[in-house]
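Undergrad: Dumping the structure here so I can ask a few things about it.
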Amino acid sequence: ITLRITSNVDQLFKNRESTIQITLSNIGDSELNVLTPNISIQISNSLSFSIVQINHLALSQFKPGDITEILIKLTIPDIEQMNISVSIVANNEITDEEVLFQASEMFNIYDAPLEDFFSGFLTLIMISIFVIVWAAMYIYVRKTIKRIETPFEEPTKVRPRRGKYVSVTELPPEETEEKIEETPEKKPKKLKKKKLKEQKVEEKEIEKPTTDLDSLLEEKGLKDKE
């Protein structure tokens, strides 16, 4: 029998659930019987695991050339490396001989990528929003149902109060109020002063010069020669 230990992913990360696959192959020429109590799986740091798949019928009649798988699931803590050891005791049906087969594998453990952190944080936010919306709708529905079930109450009618009869003689005398008339202040009228301007026009006598007839004739040569 050959044993091969592999992981379902290329890399194993811290604080994450992983699946380990153990492959058994009968490469001999004899039929073997492998019982479950004869299968031992040990993981370093004493990590707990669970077997999620095993074919008991195929192992009880493990014929030459048959291949079967055992799947285990575990949660990897904050460690750097993990070692898995597998030992199987098989019984030869012909010779009734018990044969021991062993295998081990070392796995490196890596830190979880940031994408997983943001993905988990986003998932948490979405769940929180869903819870808040659901709570708000639940409260609103409860208030609406309570408002519908509450009967309508008519307002109480107030009876008008009747006045007490009082005779005229018992009424108090009315007090007369003096009215004070305010005399409006008279505003002094503005006297408009008219300024009379007297303009004296002096007549100027323009004296016309007297023309001498004799001198005029002399100029024209019409005067008689003496």
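Undergrad: Do you know which residues across region 55-72 are assigned to a strand (DSSP E or B) and more than 15 Å from Ile39 (Cβ to Cβ)? Talk me through it step by step, then tell me what you get.
TA: Here is the first cut: in region 55-72, the ones assigned to a strand (DSSP E or B) are 62, 67-72.
Passing the criteria: only Ile67.
Undergrad: Mind listing whichever residues of region 38-72 are of a type outside the set (A, V, I, L, M, F, W, C) and over 17 Å from Ile1 (Cα atoms)?
TA: Once the filter is applied, which keeps residues that are of a type outside the set (A, V, I, L, M, F, W, C) and over 17 Å from Ile1 (Cα atoms), region 38-72 yields Gln42, Ser44, Asn45, Ser46, Ser48, Ser50, Gln53.
Undergrad: If only one of Met126, Met137, Met82 is in a strand (DSSP E or B), within 46 Å of the chain's Cα centre (by Cα) and over 30 Å from Gly28 (Cα atoms), which one is it?
TA: Met82
Undergrad: In addition: Being surrounded by 15 or more Cβ atoms within 10 Å (Cβ to Cβ) and either in contact with a His (Cβ under 6 Å, 6 or more places away or on another chain) or not aromatic (Phe, Trp, Tyr) (or both) is the filter here, so list the residues in region 48-59 that pass it.
TA: Listed by number, the residues that qualify are Ile54, Ala58, Leu59.
Undergrad: Within region 91-99, identify whether any single residue is at pLDDT below 90 and hydrophobic (A, V, I, L, M, F, W, C), and answer yes or no.
TA: Yes: one or more hits.
Undergrad: While we're on this one: With the condition kept exactly as written, say whether any residue in region 39-57 is within 52 Å of the chain's Cα centre (by Cα) and more than 30 Å from Ala112 (Cα to Cα). Write out each step before concluding.
TA: First, the residues of region 39-57 that are within 52 Å of the chain's Cα centre (by Cα): 41-55.
This time we only want the ones that are more than 30 Å from Ala112 (Cα to Cα), so: 55.
Yes, some residue in region 39-57 is within 52 Å of the chain's Cα centre (by Cα) and more than 30 Å from Ala112 (Cα to Cα).
Undergrad: Here are Ser18, Ser40: which of them is in a strand (DSSP E or B), crowded, with 17+ Cβ neighbours inside 10 Å and of a type in the set (Ser, Thr, Tyr)?
TA: Values: Ser40 fails: crowded, with 17+ Cβ neighbours inside 10 Å.
Exactly one residue qualifies, and that residue is Ser18.
Undergrad: For region 3-33, give me the residue count where each residue is over 57 Å from the mean Cα position of the chain (by Cα) and touching a residue at least 40 places away in the same chain (Cβ under 8 Å).
TA: Residues flagged as over 57 Å from the mean Cα position of the chain (by Cα) and touching a residue at least 40 places away in the same chain (Cβ under 8 Å) within region 3-33 amount to 5.
Undergrad: Same structure again: With the requirement that a residue be closer than 19 Å to Asn83 by Cα, of a type in the set (Gly, Ala, Ser) and free of Cβ contacts under 8 Å to residues at least 24 places away in the same chain, what does region 34-60 give you? Break it down stepwise before answering.
TA: Just the residues of region 34-60 that are closer than 19 Å to Asn83 by Cα, to begin with: 39-51.
Still in the list and also of a type in the set (Gly, Ala, Ser): 40, 44, 46, 48, 50.
Ser46 - this is the single residue of region 34-60 that is closer than 19 Å to Asn83 by Cα, of a type in the set (Gly, Ala, Ser) and free of Cβ contacts under 8 Å to residues at least 24 places away in the same chain.
The values are calculated or read from the model by the stated rules, or taken from the named source; none is laboratory data. Remember, predicted model here, so these are calculated numbers, not experimental data. FYI the Cβ positions are ideal-geometry reconstructions off the backbone, even for glycines, and counts take in every protein chain you see.
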